[in-house]
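The values are calculated or read from the model by the stated rules, or taken from the named source; none is laboratory data. Remember, it's a predicted structure, so these values are computed and weren't measured experimentally. Please note: Cβ atoms are built from the backbone with ideal geometry, for glycine as well, and neighbour counts cover all protein chains shown.
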Amino acid sequence: AVGYCSYLAWTICSTEEKPKPVTPAAEKKNLVVLGTGWGSVSFLKDLDIDNYNVFVISPRNYFLFTPLLPSCTTGLVEGHSLMEPIRNFFKGKSAVEFYEAEATEVDPERRVVHIKRNHTIQGEVAQSVIPYDMLVVGVGADNATFNVPGVEEHSCFLKNANDAQKIRNRITDCIETALCKGRSSDEIQKLLHFVVVGGGPTGVEFAAELQDYYKDGLRDRFPDIMDAFRITLIEALPNVLPMFSKQLMDYTESTLKAEAINVLTKASVKEVSKDDIRVEVTKPDGTKDIQTIPYGLLVWATGNKQKGIIENLAMRLNKQQDSRRGLVVDGCLAVQGAHNIWALGDCANSKLPPTAQVAHQQGSYLANVFNAMARTPSSGGPEVQPFDYNHQGALAYIGMDKAVADLNLLGFNISSHGFFTFLFWKAAYLNMCLSARSRFLVTTDWMKARVFGRDMFR
Ligand code: FAD
Ligand code: NAD
């Protein structure tokens, strides 16, 4: 019996461990992947890497878990907890090379990518050219400013880890300056006025985190100045969180108001200066009024615009491209008018919203396409089904341990809000973390903040 069992175990193991045929390195195609965000990392995680010579290029040598970035601005979660070193995703895979550099240009005629690396200490700039047989573009997007004067110079964005750290520094700076001896009451009012432009999920979640920070620590720690603490959220449309159902939009607005956040809707920021912003507010009778609002910190969260490298590539390709909304792709994410270039995530114009959910699913889908292509002989290629997006819903944190959710469960739309939705939000985001390390660190940060409060230093 023992012998039979050993034989059975050996048979099972040997079927499972049967080596896959590996293409010799010289015959493998050069696959260049741009970016280490949601789209590219999901692609790399599911790609059968041994089938290609893979070159990954990104100015960030880590993946960033963006959904919890607003929590980093107030010390609830540490930036490093949301970062996963990119090389951790392909440990032990010799067929992958990572270059921490920025792709500056894609030349589709010569099939090369130009890259540039700035050496932070010596200030040197190293430039080189990487040839590709196949190119996957997942460089994300930049912040939209709609050419409003002064935005680039005077406001903070909230797109990456440096932005979150910059906001955290500025909050501390405003508080410490307000606490400094000899500040007039007008100065303190201005320093402690935090203005957020854009009532999409980024703006709402940041405003909510900041208000929590005030209630969880600032209010009691600095009672002398905290009467002056104010948050104003400015949105051009009639409602905040316009992508949620009407019921959840109204619930969010009333919750934010109950938290003493001043919500200004139908208000469009026209100009930003060092000390104040000029806002055009539409009054209930339809007339317009220009208001000047002083601020200590201004956070600008008005959505995405395409990166220069994408606009440049779109212009080099044919007229099917629209450089404003990203690279136009077909149903299988192949870039229209290009040969052997695919795009995914925020830089792709696939008529889907620019979310992590979309980029993640596109990355996994494209990896399966590439795995199938490697299995099929070059003539003809495999039958590829177009990308089919599975919308699982939208979630947003709105402060005071409350969240809103528009979920799509088994084809049913379910709207929910409040404390239990907040618990669901926490569980869902922990589950979305791409590594056990990140999951562990985020949980620890949450526990640490509950027990000891948030860290109030830069
Ligand atoms: P990104 O994740 O932005 O990655 C782009 C990558 O390209 C980065 O690694 C970058 O360094 C690299 N790169 C940039 N320029 C170059 C270049 N020239 N050459 C090479 N590499 C380059 N979505 C949700 O679904 N749920 C959420 O809860 C959610 N919360 C969010 C919260 C915040 C604060 C923000 C800002 C976004 C949030 N999103 C959320 C949206 C989501 O983060 C994006 O849609 C998603 O990151 C897009 O993935 P991507 O791979 O296209 O781009
Ligand atoms: P967004 O495009 O969703 O919202 C930007 C808002 O800014 C819009 O409502 C717009 O009307 C407003 N706006 C634009 N110009 C303005 C001006 N001059 N003055 C006042 N308001 C102005 O942008 P976002 O919130 O940065 O989100 C970007 C993407 O990331 C979206 O696809 C979003 O769904 C996704 N995201 C999702 C989550 C989540 O699911 N929890 C969180 C953050 C971001």
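Here are the numbers for the structure shown:
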{"quantity": "Top-ranked residue in region 436-454 [being farther than 18 Å from Gln357 by Cβ and of a type in the set (Gly, Ala, Ser); ranked as farthest from the chain's Cα centre (by Cα)]", "calculated": "Gly453"}
{"quantity": "Meets criteria (within 16 Å of ligand 2 (Cβ to nearest atom), over 18 Å from Glu105 (Cα atoms), assigned by TED's automatic domain parsing to the domain that holds Glu27 and surrounded by fewer than 21 Cβ atoms within 10 Å (Cβ to Cβ)) for Gln320", "calculated": "no"}
{"quantity": "Some residue of region 326-341 being out of contact with any strand residue (DSSP E or B) (no Cβ under 7 Å at 6 or more places or on another chain), outside the structural domain of Ala207 (by TED's automatic domain parsing) and part of a helix (DSSP H, G or I)", "calculated": "no"}
{"quantity": "Scope region 121-153; condition out of contact with any Gly (no Cβ under 7 Å at 6 or more places or on another chain) and within 14 Å of ligand 2 (Cβ to nearest atom); matching residues", "calculated": "Ala141, Asp142, Asn143, Thr145, Phe146, Asn147, Val148, Pro149, Gly150, Val151, Glu152"}
{"quantity": "Number of the condition not met by Arg87 [criteria: (1) basic (Lys, Arg); (2) away from ligand 1 (no atom under 12 Å from the Cβ); (3) outside the structural domain of Gly399 (by TED's automatic domain parsing); (4) crowded, with 16+ Cβ neighbours inside 10 Å]", "calculated": "(4)"}
{"quantity": "Within region 170-188, tally of residues that are more than 30 Å from the chain's Cα centre (by Cα), surrounded by 14 or more Cβ atoms within 10 Å (Cβ to Cβ) and basic (Lys, Arg)", "calculated": "1"}
{"quantity": "Unique match (being within 16 Å of ligand 1 (Cβ to nearest atom) and either crowded, with 21+ Cβ neighbours inside 10 Å or not polar (S, T, N, Q) (or both)) among Gln357, Gln361", "calculated": "Gln361"}
{"quantity": "Verdict on Gly345 being within 16 Å of ligand 2 (Cβ to nearest atom) and either assigned by TED's automatic domain parsing to the domain that holds Leu366 or more than 18 Å from Asn143 (Cα to Cα) (or both)", "calculated": "yes"}
{"quantity": "Answer from Glu205, Glu176, Glu187 - the residue that is within 16 Å of ligand 1 (Cβ to nearest atom) and over 22 Å from Val148 (Cα atoms)", "calculated": "Glu205"}
{"quantity": "Where Ala103 falls short, out of the listed (1) of a type in the set (Gly, Ala, Ser); (2) at pLDDT 95 or above; (3) under 30 Å from Val204 (Cα atoms)", "calculated": "(3)"}
{"quantity": "For Pro223: the one exception among (1) without any contact (Cβ under 8 Å) to a residue 24 or more places away in the chain; (2) part of a helix (DSSP H, G or I); (3) out of contact with any Phe, Trp or Tyr (no Cβ under 7 Å at 6 or more places or on another chain)", "calculated": "(2)"}
{"quantity": "Any hit, region 184-193, residues being out of contact with any Lys or Arg (no Cβ under 9 Å at 6 or more places or on another chain), within 30 Å of Phe222 (Cα to Cα) and in a loop (DSSP other than H, G, I, E, B)", "calculated": "yes"}
